[in-house]
Structures are given as C-alpha cells and as structure tokens.
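One structure is given here, and the rest of the page talks about it.
The values are calculated or read from the model by the stated rules, or taken from the named source; none is laboratory data. Please read all numbers here as calculations on a predicted model, not as lab measurements. Cβ: placed from backbone, ideal geometry, glycine included. Neighbour counts: every protein chain shown. Surface accessibility is based on the protein's heavy atoms, side chains included, excluding ligands, DNA and RNA. Shrake-Rupley method; radii C 1.70, N 1.55, O 1.52, S 1.80 Å.
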Amino acid sequence: MKKFNKILSMLLVFSMALTMLPTSALAVVSERTGETDSKYVEGIPYGNRDLMESLRENYPEQASKGDVIVSETTGITITEDKNPSVSLDKGNAADMLVSRHQKDDIVRVIVVLKGAPLLDQGFSTAEISANGKAVQDQVRVMRTMQNKLVSEINALVKSAMPESYSGVIEAKYNYTITMNGVAVEVPYGVIKAIAELTDVEAAYVAPQYNVPEDMTDGDAQPNMVTTQLIAGSALAWDAGYTGAGMRIAVIDTGLDIDHPSFMDDVPLTETSLTLAEIEGVLENLNAYKRYAGLTAKALYNSVKVPFRFNYVDSDLDVTHDNDESGDHGTHVAGIAAANKIDSTDVVGVAYEAQLLAMKVFGKNGGAYWDDIVAALEDCFWLNVDAINMSLGSPSGFTWESDDLTIQFVEVMKRIEESDMIASVSAGNSYSAGTNNYWYNLIVEAGLASYLPELIPGHNQTIDPADGVVSSPATFIGATVVASLENNTTAVEVMKATDGETEHVFTFGDNYTYFTFYLGGNGDFKEHEHEYVVIPGVGAESDYAGLDVEGKIALVERGELAFTDKQIIAAEMGAVGIIVYDNADSNEIFYMQDAGVIPNVTVIRADGLKLVELAGEDGIGTLIVRYNNVIIAENAVAGTMSDFSSWGVTPDLRLVPDITSYGGNI
C-alpha cells in the first residue's frame, strides 16, 4: 500500500509545481504576452520592440553621477532592477563558515556522528512510524552516543573558553533518521575542535534561508479552475483519487488554519493520520524536544490538519498573524489540498488529503537548516507521503568539497531512496539562456561599449554561474520541480463607453494605484470618470482650449518623455493620464512613473477605440473598478515559465526532473 501511495505522491508532486510562486507573483502575466515587468534593466521590459526609445522616454533627465552614460543628450543610465523570485536567499556557506562570525558568537551547529541513521539501516517510513522494538533499540543506541557527544562538547567549550562562555550546552534536536547527529548552539570558535572529536564525522554551521520581500505582498488572483483540467486533477477525482488517506507536509511559512478551505474535516481512511498515531510517536518527535509538556492533543488541530508545529519559534502558532514571513505556506497548502467548498473555485489537487503544517519561518526569522531537518525527520515519524519545500539558493552547486554540502546531499539522497517523496523548487531565477538574453539586449541597443565587464555569452557578474537552479534542488537526491504556464491568465481591465457601446481593455504599469485611487480608493465599486482626448503628444500647447480639470487625459506616445507627459497633464488639472502607443503592437509598453498622477499605458488599438468612443467633442466616459479581473487566454500556455529555473547543474545533470503548471495560477 505504501508503494502505491508513493506513486500517488509522485503525481501529487506535479501539482506542487503550482506552489513555487509567492502570493505576490501569482497574477503576474508572462512577459512574452506584453506586460511590463522589467527584470533585467530598469525601464526596459522584456520583449520591448525599441530599447533605446524606451530609455529615452523613461529617463530623459537622469544625471550621470558615476553611472554608465549611454546618451550624451539624455544622460540615460543602465541600472539593475530587482529580480522577483520565490527562491529563499541563503547566505554563501563558505562565507558563513569562514568570515561571518567571531569566535565568541553563538551559532547553530549540526554535528554528525559516525554510524548509520535509520534510513541507512534499511528501515522503511512505515517501519519507522510504527516505532517497533527494532526501531526503538536503534534510536536508543544513537541517542546514547549523542548524549555522550554533548557531554564532550560541554567539556571542550569549558576548557577552550573558560572565561567567555559559562552556559550549559544541550541538544536542540536529536537526529536519527536522515542522519545520526545533533543540533547544538555553541561558540563559533570551537567548531573545528568539535569536528576533530573521535566519534564526529562532520560539524558545520546550519545555514539560514530568508524570506524575500515580495513574499509578504498578498495581492493575488487565484486561477485554479483551468488547472483542474490541464493538470488532470479533475480526471483523477472522477477516477476516485481525491487524496483521501494521504498525508502532505508543507515545510514553509505556516498555515492559516482557520481559513474556510481548511476548516472542514475530510473523510478518514485506514491510512489517515490520527491522534492515537501521534501519541504513539510523540516522544520521538523533534517538536516534542522543543516544547515542554507538549501533548498529542495540542499538536492535533483537526482531521484536515492533524499536525501543526512552529519549529523556528518552538511553539504551536503556525499562523501568519504574528510574524512578517508572509502567507506562502497557505498558498502552497491550498493548491495541494484546499477543501472543495461552495464559497470558492479554488480546490486543491488532492482536496481530501490531510495537511501537516510545519512552520520554519516565523518571529525568530528562519528558515534554519537544523529546523528544516527536524521537520523532515518528524515527517518520517508521522508516515508522511509527500513533502513540499519551496526554498532554495539561486545558482546552487553540487560538489562535495565541504561538510555542509556533503551532508545536504546525504540527507536528500536518503529521502529519495525512502518511500516518501520530497519536492524541492528549482527556483525562480530564470534560466542561464534568459540571463544571456540580458547581454543580447545591450548589444542590440549598441550599448556594449559602455559596459565592458559584459562578455559575450556570459551572465551578469552578480550571478556569474551558468547554472541558475537553486540548491538544495541541485543536490543529488532532490526531486526538482519547475513551472509551466497556465492555459489562462488573470488580467485587470477597465471599460470605456459612449453610452451605448462598451469597450473592455487591459493596460500596463502603475495600474494598481490607477484603479485604486480612481476606483474609489479600492472600494470595489464602479466609478465613472470623464476622459479628454488630447491632440498631438500631450505637450503643453496641445491642451489649448481644453478643460481637463478633474478629468483623465488620453494622449499618444511619442516625442515627449513619459514623465513630462504626466507632469504636464497634472499641471493642467488632470487626475489621471492614459498613454496609448504610436505604433501597432500587441505588447503593452513600460512607462516610468513621475509620481504626480495615476497613469497607465495601453496598446494602440485600444487607444484608438477610446478616441472613437469619445465622439466629436473628444470627451468620453471611463468606468473604473479596483481589482476588476477577467480570465483571458495565455499566449504562452504550456511552455516553461520564463521565471522558472532550469538547465544544467555544475555536475552536468539536466534539471528539473518534472514540471507542472505554476505560471499564472
């Protein structure tokens, strides 16, 4: 039965590709369909038909203070834009081990002992979770060794640092499944001496993964309906595979446990996790080690969420309410196993599965590798079928030249060889080829001579490795998941009308505050505004004889810088400005925000339609509602998401292992 569940777990991993994006990125349209994310060069959208024109219009007055001047007349400069990513930024391991700490700094250290852990001894997940006599005997032997080691560490620290350290060191975690080791907090200066102890195989600082800023933005447009068809989940449900009896662990930022999608109970089967089962392994759990007096009843939240624990803060609060780590964990859990309820179309791929919420980002930061391993080991005690870890460090490596990397690889290989599936995000750092495209843009624009550090065919110096797939996904043993584009995408729209005919159109850039402020400060109601067609390109003289006070100015692209168009419209009393393209194109262009009035851009066809609806007097009606979203076809459906990392790892393996729908979900 467990082998069959592993097959189902592997299928479930396909669905977990949907979880590789932060909530803030869920509704972003692919760059190739004409939106305006500028990933590589500030103000230069991917796929813009005229790079130099975009630069001239967006940065006409920029000074050259130490920057690269690419135009004597405009003073245009090139600067790197922030690359949005779900990947969790990890400090360089070598830097962490060599230069980051002083000898007296107290650091988290994982100490690995010689001797095989349970997985290397041939125990299956089911045997470990059953906690029979053979397992108990081996755990007892390992913990005896570990307790002896901790005593030796205490003696070593007392001898090496008698004046600067007076604390008592205890094992934070005892690892017995994926490794035979302990997590301790010790002065940095004694790590080398610990590594030289007789029974020690390795000792290394536990790296920390941080949540990127864009994960805290909760603006999302869930678009799960089409994925039920294209990912095959609807067919699986019809065949009776709803996830009932399966256990999914989400090692992430936690879970909104009182969300309606996780409130209702799911059918119990003979393979469901029960309170009695947790009681049977309670004292083996790493969670038990961290929380004095912890009971199985406290861990057991509901039939739907039978286990919840906050490893980074050592408490039971797995919500997002009391920290700034974001709600990515809920996003992951919802795509994997949100209940089928009447109030929403969002239904998890395995909607009758149980969820285990393992929070490793919280009030104390995170995620630390020692907490992640602790959660992984608890997954074995709880007989989990599938694990999701959407974390990583871009441009990961696979060599085995240091203790940290060797142990990472060993942990992932042991999990791979077990009867449990763990999926790891490939990352959202784009591909090596995409990064090379950044160089190509510069060459095509004739700017290469101003950036001599750029070498043909090479990536940017800030991310020089050809491989961009994240670690630990790059480590042998990880099941690496990347993203494909959804068949449809959610786009925000506005309407223009002449009283009889309505025209619905989408738009680009700065639209969040355009529709917010002109949509009643985000009250989600329709608001009418008059717009005025401005002849010419929006120069001051073009407004002669026109009244735009309290209205929206509609101007054509060209000649003037975008910021000048906005400033002039604001000086004339306009409350907003729409700029339409001066050439036929289906790509919405980027416009620099002058910060004076709300502004958006539209394609030429939509701009001309607005001119037509305005009639002879040049005044039309615009209907604005904040967050007015429609579902449209995705022009790049079924292709690899351009943000998703893929390619060759440093040891020449091609990853990811699998892909599934993650773009525009």
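Scanning the range 357-385 for residues being modelled with pLDDT of 95 or more and part of a strand (DSSP E or B) gives a total of 3.
Residue by residue, here is whether (1) over 25 Å from V469 (Cα atoms); (2) open to solvent by 20 Å² or more (accessible area, probe 1.4 Å); (3) free of Cβ contacts under 8 Å to residues at least 60 places away in the same chain; (4) not β-branched (V, I, T) holds:
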{"position": "Y590", "(1), (2), (3), (4)": "yes, yes, no, yes"}
{"position": "R604", "(1), (2), (3), (4)": "yes, yes, yes, yes"}
{"position": "G607", "(1), (2), (3), (4)": "yes, no, yes, yes"}
{"position": "G615", "(1), (2), (3), (4)": "yes, yes, no, yes"}
{"position": "S641", "(1), (2), (3), (4)": "no, no, no, yes"}
{"position": "V648", "(1), (2), (3), (4)": "no, yes, no, no"}
{"position": "V655", "(1), (2), (3), (4)": "no, no, no, no"}
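Filtered by the rule that a residue be surrounded by 17 or more Cβ atoms within 10 Å (Cβ to Cβ) and in a loop (DSSP other than H, G, I, E, B), the range 318-328 gives V318, T319, H320, D323, S325, G326, D327.
Is it the case that A632 is closer than 15 Å to F505 by Cα, small (G, A, S), outside any loop (DSSP other than H, G, I, E, B) and open to solvent by 50 Å² or more (accessible area, probe 1.4 Å)? No. Evaluate the following for Y590: is it in a loop (DSSP other than H, G, I, E, B), closer than 21 Å to V491 by Cα, in contact with a Gly (Cβ under 7 Å, 6 or more places away or on another chain) and modelled with pLDDT under 80? Taking the combined requirement at face value, the residue satisfies it.
Residues that are open to solvent by 60 Å² or more (accessible area, probe 1.4 Å), in a helix (DSSP H, G or I) and either touching a residue at least 24 places away in the same chain (Cβ under 8 Å) or among the hydrophobic types (A, V, I, L, M, F, W, C) (or both) within the range 156-166 comprise just one, A160. So for the range 643-656 (the condition being in a loop (DSSP other than H, G, I, E, B) and closer than 21 Å to G520 by Cα), does at least one residue qualify? No, every residue in the range 643-656 fails to be in a loop (DSSP other than H, G, I, E, B) and closer than 21 Å to G520 by Cα.
In the range 386-406, what residues are crowded, with 23+ Cβ neighbours inside 10 Å and either at pLDDT 65 or above or among the aliphatic types (A, V, I, L, M) (or both)? Matches in the range 386-406: A386, I387, N388, M389, S390, L391.
Taking the residues in the range 263-297 that are modelled with pLDDT of 95 or more, open to solvent by less than 30 Å² (accessible area, probe 1.4 Å) and of a type in the set (A, V, I, L, M, F, W, C) as candidates, determine which candidate is farthest from R247 (Cα to Cα). Here the residue is L294. If you go through the range 244-262 and pick out every residue that is part of a loop (DSSP other than H, G, I, E, B), under 23 Å from the mean Cα position of the chain (by Cα) and crowded, with 17+ Cβ neighbours inside 10 Å, you end up with 5. Pairing residues of the range 106-133 that are touching a residue at least 40 places away in the same chain (Cβ under 8 Å) and closer than 24 Å to Y165 by Cα with residues that are part of a helix (DSSP H, G or I) and hydroxyl-bearing (S, T, Y), at Cβ distances under 9 Å and at least 6 apart in sequence or on separate chains, gives I106/Y188; V107/Y188; V109/Y188.
Only one of V98, V111, V107, V139 is open to solvent by less than 60 Å² (accessible area, probe 1.4 Å), modelled with pLDDT under 95 and not acidic (D, E); which?
On the way: V98 fails: open to solvent by less than 60 Å² (accessible area, probe 1.4 Å); V111 fails: modelled with pLDDT under 95; V139 fails: modelled with pLDDT under 95.
Answer to the check: V107.
Yes or no, residue by residue, for (1) open to solvent by less than 10 Å² (accessible area, probe 1.4 Å); (2) closer than 29 Å to V182 by Cβ:
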{"position": "F307", "(1), (2)": "yes, yes"}
{"position": "Y311", "(1), (2)": "yes, yes"}
{"position": "L316", "(1), (2)": "no, yes"}
{"position": "T330", "(1), (2)": "no, no"}
{"position": "D342", "(1), (2)": "no, no"}
{"position": "D345", "(1), (2)": "no, no"}
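Can you confirm whether the range 568-588 contains a residue that is under 26 Å from the mean Cα position of the chain (by Cα), crowded, with 21+ Cβ neighbours inside 10 Å and among the hydrophobic types (A, V, I, L, M, F, W, C)? Yes, the range 568-588 contains at least one residue that is under 26 Å from the mean Cα position of the chain (by Cα), crowded, with 21+ Cβ neighbours inside 10 Å and among the hydrophobic types (A, V, I, L, M, F, W, C).
For the range 559-566, the criterion of a residue being surrounded by 18 or more Cβ atoms within 10 Å (Cβ to Cβ), farther than 11 Å from I534 by Cβ and of a type in the set (S, T, N, Q) is satisfied by at least one position.
Let me confirm something: among D327, D342, D315, D323, which residue is at negative phi, free of Cβ contacts under 8 Å to residues at least 12 places away in the same chain and not aromatic (F, W, Y)?
Values: D327 fails: free of Cβ contacts under 8 Å to residues at least 12 places away in the same chain; D315 fails: free of Cβ contacts under 8 Å to residues at least 12 places away in the same chain; D323 fails: free of Cβ contacts under 8 Å to residues at least 12 places away in the same chain.
It is D342.
Filtered by the rule that a residue be of a type outside the set (A, V, I, L, M, F, W, C) and out of contact with any helix residue (DSSP H, G or I) (no Cβ under 8 Å at 6 or more places or on another chain), the range 254-271 gives D258, P260, D264, D265, P267, T269, E270.
Going by the structure shown, is T274 over 32 Å from the mean Cα position of the chain (by Cα) and among the hydroxyl-bearing types (S, T, Y)? The answer is no for T274.
If you go through the range 202-211 one residue at a time, do you hit one that is polar (S, T, N, Q), open to solvent by less than 10 Å² (accessible area, probe 1.4 Å) and touching a residue at least 24 places away in the same chain (Cβ under 8 Å)? No: the range 202-211 contains no residue that is polar (S, T, N, Q), open to solvent by less than 10 Å² (accessible area, probe 1.4 Å) and touching a residue at least 24 places away in the same chain (Cβ under 8 Å).
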